[in-house]
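What follows is a single structure, written as C-alpha cells, with notes after it.
Throughout, read-outs are computed from the coordinates displayed, never taken from laboratory work. Computed from a predicted model, the values in this text were never measured in an experiment. No Cβ is skipped: glycine too gets one built from the backbone with ideal geometry, and neighbour counts run over all protein chains shown.
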Amino acid sequence: MVETQQSNKEELMAATPLLRARGISKYFGAVQALVDVDLEVDAHEVVALVGDNAAGKSTLARVIAGVHAPDEGTLEIDGEQVRTFTTRAARANGVATVFQELALAENLDVTANIFLGQELPDRGLLDEEAMETLARGYLKDLNARIPSPRTPVAHLTAGQRQCVAIARTLVGKPRIIVLDEPTSSLSVAQTAEVLTHIEQLRSMGLGVVIISHNLTDIRAVADRIEVLRHGRNNGSFIAAETAYEDIIAAITGAPRTSRRLA
C-alpha cells in the first residue's frame, strides 16, 4: 500500500507542469488584452509564445512575472496556486524575467551587473571574491563568450549583454525564465550565441518561455509553439513537426492544415 501511494505521488508530480495558466483574462479599461488564455510549461522545456502585435504576448508574460494580476483565471507554479501578484512574489516563486529593456549599467562590469541589487555582503562590505566566483560559474553554465566577469558591460556586444541579463536571473535560482524578444536586433552570430544560452537553460532543468517574432529562431530552439491571436489561444504546435505556413496561418487567422496538439 505504501509503495502504491508513493508511486501515485511520483506519477502526479511527473504530470504536474512547472507552470500552468488557466483561463487567464486581463482588462485595461474597456480593452480586454487576454481572453481565457491557457499555457503550460514543463521543466526541461522551451515554449515559444508568438503572435502579431497586440496579440497579448507581453501582457501574459507580465502576468507570469507578477507585474500584472489577472482579472480572471489561475496561475500555478509546481501545482501551487499563485495568490499574490507582485514581482517580488514571482521571484520568490522561482520566476525570472528578462524584458527587452535589459536595464544594465554600462559603467559597471559584468559581475556588478549580475549581482546588481542582490549583492553578497561580507562584514558590512561587498564580498567581491564570492560574487566574481559565482559570476564565472553562471557564465560557464550558459556557455558564454565573455572574456572576463570583470569586463565592463560597455565593452560587450549586444549578444553578450543579453547573456549578462540572463545570467543575472540565475542568482535567484529560478525554475522558470521568461525571455521577451531575446534575439531582437542581434546579428546572426550574436543570435546563435543567445540561442545556445537558451538551450543551456533547458539542459539545466528550467522551464523557458520565449516571446519572439522570429520564427527561424523559435524553430531552432523551442520544443513547443503557442500562438496568441487577439488575446486568445489560437494554436499549439510541436516546433520540429510544424510548417512555417501553419504557424503563420495561426498568427493571422488563416486556415491551416498541419496537425495541432490536443
Subject >> Dimensions in Å of the stretch 17-252 - Rg and Dmax from alpha carbons >> reply: 17.9, 59
**OP:** Mind checking which of 23, 152, 201 is farthest towards the positive end of the chain's charge dipole, using Cβ charges of +1 (Lys, Arg) and -1 (Asp, Glu) about the Cα centre?
**Re:** 23
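Only Lys, Arg, Asp and Glu count, each charged at its Cβ (+1, +1, -1, -1), so figure out the dipole size of the chain about its Cα centre, rounded to 20 debye.
Taking the Cα centre of the chain as origin, the dipole is about 320 debye.
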**OP:** For the stretch 36-97 and the stretch 146-218, write down the distance between their C-alpha centroids in whole Å.
**Re:** 19 Å
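Would you calculate the convex hull of the Cα atoms in the stretch 78-179 and tell me its volume per residue in Å³?
Working: hull volume 12.1 nm³, N = 102.
Taking the convex hull of the Cα positions in the stretch 78-179, it is 118 Å³ per residue.
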Original post:
To the nearest 20 debye, what is the magnitude of the charge dipole of the stretch 62-120 about its Cα centre, counting +1 on the Cβ of each Lys and Arg and -1 on the Cβ of each Asp and Glu?
Top reply: 120 debye
